[in-house]
Amino acid sequence: MVSVSASAKRFIESRCAEEGSRSWYLVIEWRAGEMENSRAADGSSIWHREPDKGWSVDLLGYGPEVDRELGAPLLPGVRVIVSPSSEHTFPGGVITFEDGWLRVTPNAI
């Protein structure tokens, strides 16, 4: 379902080694576009919504208070959690490391 590129694996392993006592998770979630509210000249509200950002990934480390069995095993010491979305089904994908950031590229449906 989720694979990890070599560069992403190196980044994740490096980050996890910095704080080995934490439980590490890659959290994949759908991010909607930002909403912005402004006022027109007549005082009425104008709502503007940016396009959806799509699937994103974050590497999160938690202390011992978090259940160490959340999600599914992905790499040694790292689990993956796909946050449910009522509108979008995660089709699986590839985690890469580009320009200093983890990114997820979903599989084609």
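Numbers below:
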read-out	value
Hits in the stretch 61-109 (condition: hydroxyl-bearing (Ser, Thr, Tyr) and in a strand (DSSP E or B))	62, 96, 105
Every residue from the stretch 64-99 that is over 21 Å from residue 31 (Cα atoms), surrounded by 16 or more Cβ atoms within 10 Å (Cβ to Cβ) and of a type in the set (Val, Ile, Thr)	78
Output for the stretch 22-54, where each listed residue is closer than 20 Å to residue 71 by Cβ and touching a residue at least 40 places away in the same chain (Cβ under 8 Å)	22, 23, 24, 25, 26, 27, 28, 29, 30
Single unsatisfied condition, residue 58 versus (1) under 13 Å from the mean Cα position of the chain (by Cα); (2) outside any strand (DSSP E or B); (3) free of Cβ contacts under 8 Å to residues at least 60 places away in the same chain	(2)
Of residues in the stretch 21-63 being within 21 Å of residue 8 (Cα to Cα) and of a type in the set (Val, Ile, Thr), the one surrounded by the fewest Cβ atoms within 10 Å (Cβ to Cβ)	27
Meets criteria (of a type in the set (Phe, Trp, Tyr) and within 25 Å of residue 17 (Cα to Cα)) for residue 90	no
Index of the failed condition, residue 45 passing every other in (1) of a type in the set (Gly, Ala, Ser); (2) over 20 Å from residue 92 (Cβ atoms); (3) under 20 Å from the mean Cα position of the chain (by Cα); (4) modelled with pLDDT of 90 or more	(3)
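The values are calculated or read from the model by the stated rules, or taken from the named source; none is laboratory data. As the structure is a prediction and not an experimental result, all values here were calculated from the model. Note: ideal-geometry Cβ built from the backbone for every residue, glycine included; neighbour counts use all protein chains shown.
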